[in-house]
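Participant: Pasting a structure here, questions to come.
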Amino acid sequence: MNYEETLQYLYSRLPEYQRIGHAAYKEGLDNSLALDAYFDYPHQKYKTIHIGGTNGKGSTSHLLAAILQQAGYKVGLYTSPHLVDFRERIRVNGEMVDKSYVVDFVEKYREAFEPIHPSFFELTMEMGFLYFAKQKVDVAVIEVGLGGRLDSTNIISPDLSVITNIGIEHTQYLGNTLSKIAGEKAGIIKPYTPVVIGEIENEDVRRVFVEKAAAQHAPIVFAENNNDFHAQKTSSGWIFQCKEYPGLIDELGGFVQEKNAKTVLTAVEELKKMGYGIPKDAVYDGFAHVVELTGLMGRWQRVQDKPKIVCDTAHNAHGIRYIGKQLESEKYDRLHIVFGVVKDKDLQAILPLLPKNAEYYFTKPSVERALDEKILAKEAANHQLWGNTFHNVADAVHAARKKATENDFIFIGGSSFVVADALPLFINPS
């Protein structure tokens, strides 16, 4: 098989939750443990850092990877989902895994892994772990897929765990309250392993983390307790001021990045306490050049200037709230929003957060989980959000670009998969 045929095999033979939803969800770690034993526990051959939470996992993972890379470490980075190329999930020092490795892995090991019946995520995670071992990375930053306690990545024994924040998501698997969801996310807290907690908006959630950390004898640090931190929003990103890193420039422009930055800086200090050599220059360079260093996409990403077009992968109420605030801060003549979601999203929580002064282009991303654009438009109308429907993202984007003038603003989002469908319209996927 060539690379494209190998990907088609992976998508067709292995159930992928992110694309088809519940039918692909597998509770428990049995498959991951079986695969890990077959491949001789590759993640034990290097240090790991585990990143969980509701939102901000991707940005936090990429920022930490960029900082460690600039500190001189050889860094593996495992994230999901990908936006344009499958290989975005598995990177070493920012470089995507070779196509030949993906092909060779499947050809060499399919007879061994097929009887285990792994999910898409379980197998590609192990593919990444093995690749990092073969590349002899010093440390790998591993992003949780879904939840924490029962997520496939929870087989690792990291040097540090990070939980960015807690919001309502995936209630059918994680529970229908913030405390229950926090309990699942807290499952990545390991015995005697420090844990950094980012944004906390609920005392019940704080209590869940404190109790779990105490039970595991895990030192716990709350990033929000750091009062020596001030943020200034600029047209190109952020400037953060703190005693250790005055004038720290972050090229990521989203409002949520203020919280992410505080979490990352707290994590860096914990890693330094463990003996990680992270000079100040590495922190400055990592924040200033995270996109170039790691290939991060889809976080308040500007893809065109006139009219200004931005896409963002925020896909639940906790994330969309920040998008709404960000759109309020933008200057434009008219606002156009290309918007689509998947079926399991809580529209009654998301839709009230969207601006009413926009023209909407309701659409459907190209995954089986996608919500029909006409159903979305009908629900949106109940919240005074009006617009036309488009059967695919490309048509919706084309219509918005055709109607917008150069002083307008186009936002593309609602789902990672909407962004994934839109990005190839603006960038060369190769």
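The values are calculated or read from the model by the stated rules, or taken from the named source; none is laboratory data. Since this is a predicted model, take the numbers as computed values, not measurements. Glycine also receives a Cβ, built like all others from the backbone with ideal geometry; neighbour counts cover every protein chain displayed.
Participant: Can you name the residue in the range 1-22 that is surrounded by fewer than 14 Cβ atoms within 10 Å (Cβ to Cβ) and in a loop (DSSP other than H, G, I, E, B) and, of all such residues, is modelled with the highest pLDDT?
Facilitator: Taking the candidates together, the pick is Asn2.
Participant: Still on this structure, I have one more. Which residue is nearest to Tyr73 (Cα to Cα), if the candidates are limited to the range 142-152 and must be out of contact with any His (no Cβ under 8 Å at 6 or more places or on another chain) and either of a type in the set (D, E, K, R) or buried (at least 19 other Cβ atoms within 10 Å of the Cβ) (or both)?
Facilitator: Glu143
Participant: Also, quick follow-up: Only one residue in Val137, Val141 is assigned by TED's automatic domain parsing to the domain that holds Tyr46, within 16 Å of the chain's Cα centre (by Cα), outside any helix (DSSP H, G or I) and hydrophobic (A, V, I, L, M, F, W, C), so which one is that?
Facilitator: The unique qualifying residue is Val141.
Participant: Now a separate question. For the subset of the range 23-41 comprising residues that are surrounded by 14 or more Cβ atoms within 10 Å (Cβ to Cβ) and of a type in the set (Gly, Ala, Ser), which member is modelled with the lowest pLDDT?
Facilitator: Ala24
Participant: Looking at Phe255 and the list (1) in contact (Cβ under 8 Å) with a residue 24 or more places away in the chain; (2) under 21 Å from Val196 (Cα atoms); (3) assigned to a helix (DSSP H, G or I), which single condition is not satisfied?
Facilitator: Of the numbered conditions (1) in contact (Cβ under 8 Å) with a residue 24 or more places away in the chain; (2) under 21 Å from Val196 (Cα atoms); (3) assigned to a helix (DSSP H, G or I), the odd one out for Phe255 is (3).
Participant: How about the range 114-136: which of its residues are crowded, with 22+ Cβ neighbours inside 10 Å and closer than 20 Å to Leu64 by Cβ?
Facilitator: The answer is Met125, Gly128, Phe129, Tyr131, Phe132.
Participant: Determine which member of the set Glu359, Glu373, Glu330 is outside the structural domain of Gly254 (by TED's automatic domain parsing), surrounded by fewer than 22 Cβ atoms within 10 Å (Cβ to Cβ), out of contact with any Leu (no Cβ under 8 Å at 6 or more places or on another chain) and of a type in the set (D, E, K, R).
Facilitator: Exactly one of Glu359, Glu373, Glu330 is outside the structural domain of Gly254 (by TED's automatic domain parsing), surrounded by fewer than 22 Cβ atoms within 10 Å (Cβ to Cβ), out of contact with any Leu (no Cβ under 8 Å at 6 or more places or on another chain) and of a type in the set (D, E, K, R), namely Glu330.
Participant: I'd like to check something: does the range 91-98 contain any residue that is surrounded by fewer than 18 Cβ atoms within 10 Å (Cβ to Cβ), part of a loop (DSSP other than H, G, I, E, B) and more than 21 Å from the chain's Cα centre (by Cα)?
Facilitator: For the range 91-98, residues surrounded by fewer than 18 Cβ atoms within 10 Å (Cβ to Cβ), part of a loop (DSSP other than H, G, I, E, B) and more than 21 Å from the chain's Cα centre (by Cα): present.
Participant: Could you look through the range 232-249, keep only residues that are in a strand (DSSP E or B) and in contact (Cβ under 8 Å) with a residue 12 or more places away in the chain, and pick out the one that is farthest from Lys280 (Cα to Cα)?
Facilitator: Lys233
Participant: Still on this structure, please answer the following. Restrict the check to the range 305-321 and report whether at least one residue is among the aliphatic types (A, V, I, L, M) and assigned to a helix (DSSP H, G or I).
Facilitator: Yes, the conditions are met somewhere in the range 305-321.
Participant: Follow-up. Of all residues in the range 359-368, how many are of a type in the set (D, E, K, R) and modelled with pLDDT under 95?
Facilitator: 1
Participant: Something else now. In the range 354-388, how many residues are more than 24 Å from Lys402 (Cα to Cα) and acidic (Asp, Glu)?
Facilitator: 2
Participant: While we're on this one: Picking from Glu201, Glu244, Glu211, which residue would you name as being surrounded by fewer than 19 Cβ atoms within 10 Å (Cβ to Cβ), among the acidic types (Asp, Glu) and within 21 Å of Gly56 (Cα to Cα)?
Facilitator: Glu201
Participant: Follow-up. Among the residues of the range 318-358, which ones are at pLDDT 95 or above and charged (D, E, K, R)?
Facilitator: Passing the criteria: Asp333, Arg334, Lys356.
Participant: How many residues does the range 379-430 hold that are part of a strand (DSSP E or B), under 20 Å from the mean Cα position of the chain (by Cα) and of a type outside the set (A, V, I, L, M)?
Facilitator: 2
Participant: Checking Ser235 against (1) exposed (fewer than 13 other Cβ atoms within 10 Å of the Cβ); (2) of a type in the set (Ser, Thr, Tyr); (3) modelled with pLDDT of 95 or more: exactly one of these is not met. Which one?
Facilitator: Answer for Ser235: the failing condition is (3).
Participant: Give me a count of the residues in the range 317-360 that are aliphatic (A, V, I, L, M) and touching a strand residue (DSSP E or B) at 6+ places or on another chain (Cβ under 6 Å).
Facilitator: The total comes to 5.
Participant: Could you tell me whether any residue of the range 179-192 is more than 20 Å from Lys259 (Cα to Cα) and of a type in the set (Phe, Trp, Tyr)?
Facilitator: Among the residues of the range 179-192, at least one is more than 20 Å from Lys259 (Cα to Cα) and of a type in the set (Phe, Trp, Tyr), which makes the answer yes.
Participant: Another question, then. Against the condition surrounded by 17 or more Cβ atoms within 10 Å (Cβ to Cβ), in the same structural domain as Val139 (by TED's automatic domain parsing) and at negative phi, how does Ala317 come out, does it pass?
Facilitator: Here the answer is no, as Ala317 does not meet what is asked.
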